[in-house]
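Data block below; observations after.
The values are calculated or read from the model by the stated rules, or taken from the named source; none is laboratory data. Bear in mind the structure is a predicted one, so any value in this text is a computation, not a measurement. Please note: Cβ atoms are built from the backbone with ideal geometry, for glycine as well, and neighbour counts cover all protein chains shown.
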Amino acid sequence: MNAKDATAKRIDILCKERGIAYNDLANICGLTPSTVYSIFNPKRRNIKLSTIKKICDGFEITLGEFFTHPIFDTLEQEIQ
């Protein structure tokens, strides 16, 4: 799994844990629904850190709490 996929999966996990739909997440975070849905689009290559920060703010967690999850412990090396 690469960093982008792990980030999308982490957001999905948090949404499911908290019972938040993607549209609701967008409203909570001050993002457009298209921005949130684009995170889960496999064709999109990158997610801005500022977008992840807004999502963390919406979940009321820190970036550290977001990235301190086992899903990030086994990422593929992305240097090519």
Any chance you could count how many residues in the range 26-80 are closer than 14 Å to T7 by Cβ, touching a residue at least 24 places away in the same chain (Cβ under 8 Å) and touching a Cys at 6+ places or on another chain (Cβ under 7 Å)? 3
Would you check which residues across the range 39-68 are part of a loop (DSSP other than H, G, I, E, B), surrounded by 13 or more Cβ atoms within 10 Å (Cβ to Cβ) and modelled with pLDDT of 95 or more and list them? I61
